[in-house]
1. What dipole magnitude, in Debye to the nearest 20, does the chain give about its Cα centre under +1 on Lys/Arg Cβ and -1 on Asp/Glu Cβ?
2. I'd like the GluC sites (Glu not before Pro) in the stretch 215-254 restricted to DSSP loop residues with at most 10 other Cβ atoms within 10 Å, sorted by number.
3. Would you mind counting up the charge near D95? Only other residues with Cβ under 12 Å from its Cβ, with Lys and Arg at +1 and Asp and Glu at -1.
4. Measure off 7 Å from each Cα along the Cα-to-Cβ vector at R120 and F147, then give the distance between these two points in nanometres to one decimal.
5. Using unit Cβ charges (K, R positive; D, E negative) and no other charged atoms, how large, in debye to the nearest 20, is the dipole of the stretch 1-149 about its Cα centre?
6. For the stretch 14-61, what is the largest minus smallest coordinate of the Cα atoms on each principal axis, given in angstrom and ordered from greatest to least?
7. For I230 and S176 in the same chain, what is the full-extension length gain: residue separation times 0.36 nm, less their Cα-Cα distance, in nm?
8. Return the carbon/sulfur percentage of the accessible area of the chain, one whole number, probe 1.4 Å, all protein chains in place.
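The values are calculated or read from the model by the stated rules, or taken from the named source; none is laboratory data. Only a predicted model underlies this, so the values are computations on that prediction, with no experimental measurement involved. FYI the Cβ positions are ideal-geometry reconstructions off the backbone, even for glycines, and counts take in every protein chain you see. Heads up: the accessible areas ignore ligands, DNA and RNA and are worked out on the full protein's heavy atoms, side chains in. Shrake-Rupley method; radii C 1.70, N 1.55, O 1.52, S 1.80 Å.
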Amino acid sequence: MRDIDIVGVGALRRHQIEELQKIKKFILLTYEEIIPDSVHGIYSAEILRTLQWLRPLQTQKGPAFDFGEEQKKLFARLFPRTRSALGVAASRMMDAYLQEMEWSSWLLQDHWRYFVGFLRSKFPENKALLELAHWEWVWAWIEVQPFEPDKSEAGFVHVNPSLQIIHLSVHNPVLSRDQGVYAFVYDDKKQTVVEKRLDVYEAQILDLLHEDRKYTEKQLIEMALISDEIDTQINAEEWGKKFQGLCQHAILTR
């Protein structure tokens, strides 16, 4: 197992590794020499934290590998549907991105974090393609990020720290998803990434929670009831059901 694939990861990736640890012993291969100076301090701290839960059988320097080829394999794994949608332009876009983007991380996957923006500069009018790439990157990003749930102030409503929102401006046939607003979170209890299409009421609840104040469930519903952002208002019981739906999808906790 390579440090550049697992150092500092959390969420689904860490859960998968911890499950494998129950039946396998790992040798951790390190590539400290390729880590950029600008993030070397972060890498050193992250690898120490990772070793506290990974506990490999041994750690040793990894064999040489081709960074460019590894990134191309990773691109195919992170963006399979985007790659297919790009068709003959896929290899050209991938090569151009790798040539333009400087390696500035300690996690191999993180090198693709600017790809959606890069693609936007090349195909600014192709909304379906850009939203497809964004969708695939958000899913991949949530799978590996370490998220710390907010355990402070019991009784108040908290937004899942992994929450990511994607707006599909058009129907996306590749994703088989209609136009709309979609929420993604990592459900720590179920160890899975959860996707939910939000209606206008659920979106309003999240908007209220992004304001600079805390709410209990009761206060949140009261604020939703007097909201002037909704054209068709619903009653307190229906707002409560919307709130419960967000909790059931691990988007909100209390």
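1. Around 980 debye, computed over the chain.
2. For GluC sites (Glu not before Pro) across the stretch 215-254 that sit outside H, G, I, E and B with at most 10 neighbouring Cβ atoms in 10 Å, the list reads E229.
3. Counting the neighbours of D95, the net charge comes to 0.
4. Roughly 2.2 nm, to one decimal.
5. With only Lys, Arg, Asp and Glu charged at Cβ, the dipole is about 520 debye.
6. Sorted largest first, the three principal extents are 36, 20, 14 Å.
7. Full-extension gain reported as 16.7 nm.
8. In the chain, the share of accessible area belonging to carbon and sulfur is 50 percent.
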